[in-house]
1. Return only the number of the condition from (1) in contact with a Ser or Thr (Cβ under 9 Å, 6 or more places away or on another chain); (2) assigned to a helix (DSSP H, G or I); (3) surrounded by fewer than 17 Cβ atoms within 10 Å (Cβ to Cβ) that Gly171 does not satisfy.
2. For residues that are of a type outside the set (A, V, I, L, M, F, W, C) and surrounded by fewer than 16 Cβ atoms within 10 Å (Cβ to Cβ), scanning just the range 223-245, find the one that is nearest to Glu210 (Cα to Cα).
3. So Ile257 ticks every box in (1) of a type in the set (A, V, I, L, M, F, W, C); (2) modelled with pLDDT under 80; (3) in contact with an Asp or Glu (Cβ under 9 Å, 6 or more places away or on another chain) but one. Which box is left unticked?
4. Within the range 174-190, how many residues turn out to be part of a loop (DSSP other than H, G, I, E, B) and of a type in the set (Asp, Glu)?
5. Every residue in the range 221-254 that is touching an Asp or Glu at 6+ places or on another chain (Cβ under 8 Å) and farther than 15 Å from Ile190 by Cα, please.
6. Name the residue, out of Ala134, Ala217, that is part of a loop (DSSP other than H, G, I, E, B) and loosely packed, with under 13 Cβ neighbours inside 10 Å.
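The values are calculated or read from the model by the stated rules, or taken from the named source; none is laboratory data. It should be emphasised that the depicted structure is a prediction, and the values quoted were computed from it without experimental measurement. Cβ placement follows ideal geometry from the backbone for every residue including glycine, while neighbour counts extend to all protein chains displayed.
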Amino acid sequence: MEAIHLWFNKVLSFLHLDPAEILWKALKIIIVLVVAWIGKKIGYWFINRTVKTSIRAPVVEEKRAFTLRTVLRSVVRYTIYFLAFYQIASIITPRTGAILAGAGIAGLALGFGAQRLVQDMISGFFILMENQFAVGEYVKIGTFEGVVEEIGLRTTKIRQLGGEIHLIPNGQIKEVTNYSRGNVRATVDIGVAPQEKVERVLAALEKAVEEVKRDMAEVIIEGPHVLGVVNLTPTEMTLRIVACTKPLEQWAVEREIRRRVKRAFEEAGIGGGVGEKAEA
């Protein structure tokens, strides 16, 4: 027990504290934390208001505005965290300057190891400046494909259709496929037996695409068009249907084309299978 008491006194001596000052310093730390929390809320409120104003103006696109909001919130959050940490360190001990100087020396020694962090932040900056993609857009980055949920200074977060979330360092983003900008081409390949009469198959396909064109006019920009036979083997004859759709609507159009073709083939007594392919 006496050893613990001596250790406690040494700690207080190192921190230049006496027991009477502990409560006062603790109160100061609580005040700093409260002010930091209020400052973060005010910063978030100002950013949200600015983003809403710019959208109504409109000054920037809605998706890009929300992306910038995410990044600005990160900047505000980390700035406030750093200032709060510095103030708390100053309250705990007057040797804050010496501590930070030592941290600076250690940081210099680890500078080469921090190159990846700097690269990620620079890459994130150029992603925002070039507007490569925005929050809410459907993209493919490397082997990951999904909806962008967050773009930070260091990482980008995307969610796959299955719900998986992937955090990708911005410095590792080399190629991006954006499916949310511009029209998208939907391609459906139909395989039938080579013994089937081409004219009979084409008639069934034309009937199916006319139904799709009529019922999905709000998302189809052009088509669907039956291109005809695109491949012929001893075991299969392949015909292709293409359509130009709004972004992210190509899968719905492909599903509907396959459904209508299947029904048209059943009515005409034609056997075959349907495949699909989508291209931006």
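1. Evaluating Gly171 over (1) in contact with a Ser or Thr (Cβ under 9 Å, 6 or more places away or on another chain); (2) assigned to a helix (DSSP H, G or I); (3) surrounded by fewer than 17 Cβ atoms within 10 Å (Cβ to Cβ) leaves (3) as the failure.
2. The first filter runs over the range 223-245 and keeps only residues of a type outside the set (A, V, I, L, M, F, W, C), leaving 223-225, 228, 231, 233-236, 238, 240, 245.
Narrowing further to those that are surrounded by fewer than 16 Cβ atoms within 10 Å (Cβ to Cβ): 225, 228, 231, 233-236.
Values: His225: 9, Gly228: 15, Asn231: 23, Thr233: 28, Pro234: 30, Thr235: 28, Glu236: 25 Å.
My answer is His225.
3. Among (1) of a type in the set (A, V, I, L, M, F, W, C); (2) modelled with pLDDT under 80; (3) in contact with an Asp or Glu (Cβ under 9 Å, 6 or more places away or on another chain), the lone unmet condition for Ile257 is (2).
4. First, pick out the residues of the range 174-190 that are part of a loop (DSSP other than H, G, I, E, B): 174-175, 179-183.
Next, only the ones that are of a type in the set (Asp, Glu) stay: 175.
The number of residues fulfilling the criteria is 1.
5. The one that is touching an Asp or Glu at 6+ places or on another chain (Cβ under 8 Å) and farther than 15 Å from Ile190 by Cα: Cys244.
6. Numbers: Ala134 fails: loosely packed, with under 13 Cβ neighbours inside 10 Å.
Just a single option satisfies the conditions, and that option is Ala217.
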